[in-house]
Amino acid sequence: MIERPRDVYIVDAVRTPFGRYGGALSGVRPDDLAAGVLRALLDRSPDLDPARIDDVLFGNANGAGEENRDVARMAVLLAGLPVTVPGAAVNRLCGSGMEAVIQAARAIALGDASVAVAGGVESMSRAPWVLPKPERAFPAKDQRLHSTTLGWRLVNPEMPQEWTIPLGESAELVGAKHGITREAQDAFALASHRNAARAWSEGLYDGEVVPPRGVTLPRDENIRDTTSLQALAALKPAFLADGTITAGNASPLNDGAAALLLADEDGLAAIGREPLARVRAAAVTGIDPRYFGLGPVDAIRKVLAKAEVAPDDLRTIELNEAYAAQVLGCLAALPEIDPSVVNPRGGAIAIGHPLGASGARITGAVAHQLAAAGSGRGLAALCIGVGQALALVLER
């Protein structure tokens, strides 16, 4: 037993550039993506004996393809770590990467670990189709394959139908609830691309992004430097004929991985590096699945109360951009949040949203931004399909 929780530090955070669906990373297995960021993370801390790592946790939302046999443990072995280092895959859908960070931080805070790696990985390009077993042998009729790339499949018939609508239709409900226009969503999406392109051109991702193994991908593949409001306005609604959600103001399908190195004071001494930030508080909440995109509202309020941090005390915020309507809806419900500090280096609409990796990416992004600033407090939060949300406060 310990008398009080230990301080938990984020020592380092890395990610791959995120590839577009069917793009540069589509030929890379998800377990290899995970192993690549794990190896890169350890190569950046040469004084750390890998055998000191108490656990490796990786978030993954699919689990139906090449990552199906516990992708964290496979990454440990593929990255050449000692076989004594364990690993576990965790799944909270698109919050999985942040869930891994929170679970690792909790283990360290309680004294169950001193050094841990947490991250996330997803290859939406390589997500397989699945064929359910027939209810009886030798079926005479055709059998249906289900894509595991995104969204509901094999739905329990007892689940209320309004909770299983496509995510994009849910985002339309959020937009309607807060009166968010198509023009506002397109303007938000354009800003995401411009901020991401600017961050890359100014070298702001140089200390954070590591090259994927065996693939040349110099930056996030979905960023569109030359897009415009006119180009975005020309896109057709993707979910409802008279809707406002398009491929241009929603996050794309992506491949990628991210990993963070966490430690307590003793682990920090063994690593021999100054940490990027300290974990202050975490929160998880639930919401009506129809309005899943608004989940961060309660999670943000809950985590700020736990951390005893005022909204205007936040130097930077990473709020994952599943849809422009979803982020704008959250900001409309949180007038105390300053929109100018949200996603300053671009968000998922431009960078991409490989489901299991995104929570780890935005957590690492906040840590790097606080380190660059030298001090301050930051927030990472994201909505989760089926009506959940996670939020995390870091400080330096």
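The values are calculated or read from the model by the stated rules, or taken from the named source; none is laboratory data. On a predicted model such as this, the values are computed, not experimentally measured, just so you know. Here the Cβ is made from the backbone with ideal geometry for all residues, glycine too, and neighbour counts use every protein chain on show. Areas reflect the complete protein model, heavy atoms only, side chains present, ligands, DNA and RNA absent. Shrake-Rupley method; radii C 1.70, N 1.55, O 1.52, S 1.80 Å.
Structural remarks
- Prolate/oblate/rounded label for the range 215-349 (Cα gyration tensor, a/c 1.5): oblate
- Gained length - residue 164 relative to residue 88, 0.36 nm times residue gap less alpha-carbon distance: 24.5 nm
- Since only 237, 209, 82 are under comparison, the one whose Cα sits farthest along the positive direction of the charge dipole of the chain, derived from C-beta charges on Lys, Arg, Asp and Glu, is 237.
- In terms of its C-alpha gyration tensor, the range 232-296 comes out prolate, because a/c is 1.5 or above and the ratio a/b outweighs b/c.
- Ordering of 33-43, 315-325, 86-96 by packing [mean C-beta count within 10 Å, highest first]: 315-325, 33-43, 86-96
- Heavy atoms of the protein chains alone define the surface here; on that basis the chain has 42 Å² accessible area per residue at 1.4 Å probe size.
- With contacts taken as Cα pairs under 8 Å at a separation of at least 6 residues, the range 228-352 carries a relative contact order of 28 percent.
- Taking 369, 161, 326 as the candidate residues, the one with maximal mean-square fluctuation in a Gaussian network model of the chain, Cα springs under 10 Å, is 161.
- Each Cα pair under 8 Å and six or more residues apart adds its sequence gap; the mean of these over the residue count of the range 162-297 is a relative contact order of 39 percent.
- Backbone geometry of the range 38-45 corresponds, through the Karplus equation with coefficients 6.51, -1.76 and 1.60 at θ = phi - 60°, to 3J(HN,Hα) couplings of 5, 5, 5, 4, 6, 5, 7, 10 Hz, x marking Gly and Pro.
- Gyration tensor verdict on the range 294-356 (Cα atoms; rounded if a/c is under 1.5, prolate if a/b is larger than b/c, oblate otherwise): prolate
- Local charge for residue 237 was computed over the other residues whose Cβ lies under 14 Å away, with Lys and Arg +1 and Asp and Glu -1, and equals -3.
- Each residue of the range 298-305 was assigned a 3J(HN,Hα) from its phi angle through the Karplus expression (A = 6.51, B = -1.76, C = 1.60, θ = phi - 60°), giving 5, 5, 5, 4, 5, 6, 5, 5 Hz with x at Gly and Pro.
- Residue separation of residue 183 and residue 234 scaled by 0.36 nm, minus their Cα-Cα distance, works out to 17.2 nm of gained length.
- Of all accessible heavy-atom area on the range 205-286, the percent that carbon and sulfur account for (1.4 Å): 54 percent
- Most simply put, the chain has about 70% antiparallel DSSP beta bridges, counting only bridges with both residues inside it.
- Relative contact order of the chain, pairs being alpha-carbon contacts under 8 Å that are 6 or more residues apart, as %: 28 percent
- Other residues with beta-carbon under 12 Å from the beta-carbon of residue 253 carry, at +1 per Lys or Arg and -1 per Asp or Glu, a net charge of -1.
- Alpha carbon centroid spacing (whole Å) that separates the range 340-354 from the range 174-203: 8 Å
- Positive-pole candidate from 279, 228, 150, dipole of the range 143-287, charges at beta carbon: 228
- Rounded Å value of the spacing that divides the Cα centres of the range 54-79 and the range 229-281: 19 Å
- Computed lengthening from residue 112 to residue 305, 0.36 nm per intervening residue step minus Cα-Cα distance: 66.9 nm
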